[in-house]
Amino acid sequence: MTRLKLESIFRDFSRPLDFEVGFGRGVFLRHWSKTFPERNIIGVEIRKSIVTLLGERVEKEGIDNAHLIHGNAEIALEDTLEDNSLDNIFIFHPDPWFKKRHHKRRVVRPQFLSIAEKKLKPGGKLYISTDVTPLWEGMMESVAESNFKEIKDDHFWNDIYTTHWHTYSEEDKRDFNFGTFQLN
Ligand SMILES: C[S@@+](CC[C@H](N)C(=O)[O-])C[C@H]1O[C@@H](n2cnc3c(N)ncnc32)[C@H](O)[C@@H]1O
């Protein structure tokens, strides 16, 4: 993938920049863009039909501070952005890939985290959530080997984060795991 030319994508490319991995229906991405019009966000999603759908919705709603990319998050993060360019990376409810032989397809793994460390500015934050506890434990093993440290961030999780997953998680009695991790 090629480097994005932020100046030709965003109306004001000097705004702080965030990145969401696997935005799915875009519930969070749209909410974040509207809540923080003074920021820009890039979302990457591996399923093209979802990118097209959300792209139409973003345009219809007049959101001009979000840009969507179709592709693999790890490759997109490495290739499309300059180092030290992001404030926040969001990864909510990533695919669990339950079978052991598929674990290598999970997004949060050491290789992804080392790219995230490069692309975030010093003090940058990584937000992760999932209702699949074994996946959470696997992700936390990778995070423990990285330079990210968990911080308390009640304001984000209580007042800003939004998702349609809570209903499903409650129905299936699955725990909600979440955390904010900051670079030293
Ligand atoms: C379970 S859904 C969660 C969607 C959204 N984050 C949410 O919280 O509702 C996981 C999403 O990640 C996308 N995805 C999976 N692997 C990906 C990858 N390597 N790069 C980008 N997107 C990916 C899937 O297509 C799917 O839309």
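Where a number appears in this text, it was derived from the coordinates with a stated rule and is not lab data. These numbers were taken from a predicted model, which means no experiment stands behind them. Neighbour counts run over all protein chains shown; Cβ positions are idealised from the backbone, glycine included.
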Calculated from DSSP helices alone, with each H run of at least 4 adding -39500 (n - 2.57) and the total divided by the residues of the chain, [θ]222 nm to the nearest 500 comes to -9500 deg cm²/dmol
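Please report, in debye to the nearest 20, how large the charge dipole of the stretch 112-176 is about its Cα centre when each Lys and Arg carries +1 at its beta carbon and each Asp and Glu carries -1 there.
Working: 8 positive and 13 negative charges, 98 e Å.
Once rounded to the nearest 20, the dipole reads 460 debye.
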Loop-resident GluC sites (Glu not before Pro) in the stretch 41-149 with no more than 14 other Cβ atoms inside 10 Å, DSSP not H/G/I/E/B, are GLU61, GLU82, GLU145
Extension length gain for VAL27 and ILE160 (0.36 nm per residue less Cα distance), in nm, is 46.7 nm
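What length, rounded to one decimal in nm, is gained on full extension from LEU183 through to SER114, with 0.36 nm per residue of separation minus their alpha-carbon distance?
23.7 nm
What is the magnitude of the charge dipole of the chain about its Cα centre, with +1 placed on the Cβ of each Lys and Arg, -1 on the Cβ of each Asp and Glu, and no other charges, expressed in debye to the nearest 20?
Working: 27 positive and 30 negative charges, 111 e Å.
That gives a dipole near 540 debye.
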Once the dipole of the chain is set up from charges on Cβ (+1 Lys and Arg, -1 Asp and Glu), the residue from the list LEU126, ALA144, HIS103 lying farthest towards its positive end is HIS103
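Given a Förster distance of 30 Å, report the FRET efficiency between PHE98 and GLU59 from their Cβ-Cβ distance, rounded to the nearest 0.05.
Between PHE98 and GLU59 the formula returns 0.25.
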Applied in sequence order to the stretch 173-184, the curve 6.51 cos²θ - 1.76 cosθ + 1.60 (Karplus, θ = phi - 60°) yields integer Hz couplings, x standing for Gly and Pro, of 6, 9, 6, 9, 9, 7, x, 10, 10, 10, 7, 5
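Using a Förster distance of 22 Å, how high is the FRET efficiency between GLU150 and ARG105, based on the Cβ-Cβ distance and rounded to 0.05?
Numbers: r = 25 Å, r/R0 = 1.12.
Computed FRET efficiency for GLU150 and ARG105 comes out at 0.35.
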So ASP83 and TYR168, fully extended at 0.36 nm per residue minus their Cα-Cα distance, gain in nm 26.9 nm
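Taking the Cβ-Cβ separation of SER49 and ILE75 as r and a Förster radius of 25 Å, what is the calculated FRET efficiency to the nearest 0.05?
Numbers: r = 19 Å, r/R0 = 0.77.
According to the calculation, E is roughly 0.85.
Identify the chymotrypsin sites (Phe, Trp or Tyr not before Pro) of the stretch 78-184 meeting these criteria: DSSP loop state and at most 16 other C-beta atoms within 10 Å of the C-beta. Before the final figure, lay out each step's value.
On the way: sites: PHE90, PHE92, TRP97, PHE98, PHE112, TYR127, TRP136, PHE148, PHE156, TRP157, TYR161, TRP165, TYR168, PHE176, PHE178, PHE181; in loops: TRP97, PHE98, TYR161, PHE176.
Filter output for the stretch 78-184: TRP97, PHE98, PHE176.
What is the mean projected area of the alpha carbon convex hull for the stretch 87-181, to one decimal in square nanometres?
Values: hull surface 25.1 nm².
Spelled out: convex hull of the Cα atoms, projected over all directions, averaged, 6.3 nm².
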For the stretch 17-183, Rg(Cα) over 2.2 N^0.38 Å is 0.98
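Loop-only check: which trypsin sites (Lys or Arg not before Pro) in the stretch 1-98 are DSSP coil with at most 14 other Cβ within 10 angstrom? Numbers along the way, then the final one.
Values: sites: ARG3, LYS5, ARG11, ARG25, ARG30, LYS34, ARG39, ARG47, LYS48, ARG57, LYS60; in loops: ARG3, LYS5, ARG11, ARG25, ARG39, ARG47.
Listed in order of number, the matching sites are ARG3, LYS5, ARG11, ARG25, ARG47.
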